[in-house]
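Inspection log for the structure reproduced underneath, given as structure tokens.
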Amino acid sequence: MKRNTAGVREKFPAGRSADEFALAESGLGLNQQMPPQLPALTVTEEIPESRLARRSLQKRVSRQTAQIENLLAEMEAFSYTLAHDMRAPLRTMHGYAELLLERHGDRIDGEIRDFIQRIKAGSERLDTLVQDVLKYSRISRTEVDLQPVQLERLVREMIAEYPLFRPPNAEIEINAPLLPVRGHEGFLTQCISNILNNAIKFVPPGTQPHISISTKAVGSSVQLSFADNGIGIAPKDHRRIFGIFQRVHGPRHFEGTGIGLAIVHRAAERMGGQVGVKSTPGKGSRFWLQLPRA
Ligand SMILES: Nc1ncnc2c1ncn2[C@@H]1O[C@H](COP(=O)(O)OP(=O)(O)OP(=O)(O)O)[C@@H](O)[C@H]1O
Ligand SMILES: [Mg+2]
């Protein structure tokens, strides 16, 4: 229905269209350049229709969003089950390879032993990968009940518990006091552990990892930062590294599946927070996690 022209025309002096009327009022001649549409004259007539169109579009978007969410939940459940069920045959492979070496190791020659060891190592690698995928998947499946978390207590407990986070493996400095946040303690433990593990892993050979942990208030949030003395990350990769299986530094030098930061990203999202990094290659990185203040 072309209401915008036909309907509007009636409101103007006989024989003059909306465009002609506006031109006359503006003092511009008909042969002068004007934009093809004069919005002020068409708006009132378009409102009921555009409102209807907007409502129907909103309904369609909500319906399709619900469909996509259902599909994603199904895919998530499928990959979770698949990953979970893969572990049993994997353990069988690993177990028999180990048994062969244990019971018949002295009767098999070097090449066969080498092949069996490769089967064992391959199944171990695959099992680590499957476990990482399950960890990632669980972040979405776990109910999140946000509670105040005393970050300083949590970080100190983690350092006390894991020798990897203490000298000579690493020097971790806490800029006390660390502000409390609203979050999920399990998710936060996972995030802090993944960020610290990376800071300790991605250092130049022969360098003792040094990490400085601090917090600052940002509006109604708290930003928790981890500044390291590692190898750094090129700006073009700052977003990419938070995706699943995204690794920037090659497996020849650093081990990993590329899932640690994807877990951090997803966990932060589920706690209503954000993550990011500032880094310059060769000059270290500062990973940050921003969460609501407790
Ligand atoms: N502190 C850091 N310094 C330099 N590079 C980093 C740092 N943290 C992460 N990266 C880069 O980001 C990539 C992704 O990190 P992520 O933790 O997801 O994977 P990973 O450590 O390689 O494997 P995983 O954590 O699954 O064992 C890393 O492979 C590395 O290239
Ligand atoms: Mg990692």
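Please treat every number below as a calculation from the coordinates, not as lab data. Note that the structure is predicted; figures quoted are calculated from it, not measured. A quick note on method: Cβ atoms are made from the backbone with ideal geometry, for glycine too, and the neighbour counts reach across all protein chains shown.
Which Rg and Dmax, in Å, describe the Cα atoms of the range 147-292?
In Å, with Rg to one decimal and Dmax whole: 14.3, 43.
With unit charges on the beta carbon (Lys/Arg positive, Asp/Glu negative), name the residue among 215, 200, 259 whose Cα is farthest towards the positive pole of the charge dipole of the range 147-292.
Value: 259.
Taking square-rooted eigenvalues a ≥ b ≥ c of the alpha carbon gyration tensor, is the range 69-177 rounded, prolate or oblate, where a/c under 1.5 means rounded and, failing that, a/b exceeding b/c means prolate? Write down the numbers at each step before the final one.
Values: a/c = 4.04, a/b = 1.42, b/c = 2.84.
Judged from the Cα gyration tensor, the range 69-177 comes out oblate (a/c at least 1.5, b/c at or above a/b).
Which pairs break 21 Å Cα to Cα here: 135/236; 236/283; 201/283?
Details: 135/236 27 Å; 236/283 16 Å; 201/283 15 Å.
Too far apart for the 21 Å limit: 135/236.
What is the fewest-to-most order of 94, 265 by other Cβ atoms lying within 10 Å of their Cβ?
Numbers: 94 18, 265 23.
Final ranking by Cβ density, sparse to dense: 94, 265.
Mind putting a number on the dipole of the range 147-292 about its Cα centre? Charges go on the C-beta only, +1 for Lys and Arg and -1 for Asp and Glu, and I need it in Debye to the nearest 20.
On the way: 16 positive and 10 negative charges, 99 e Å.
Result for the range 147-292 is approximately 480 debye, rounded to the nearest 20.
Amide H of residue 183 versus every other amide H placed in the peptide plane: which residues, excluding those fewer than 5 positions away on the same chain, fall under 5 Å?
Under 5 Å from the amide H of residue 183: 147, 149.
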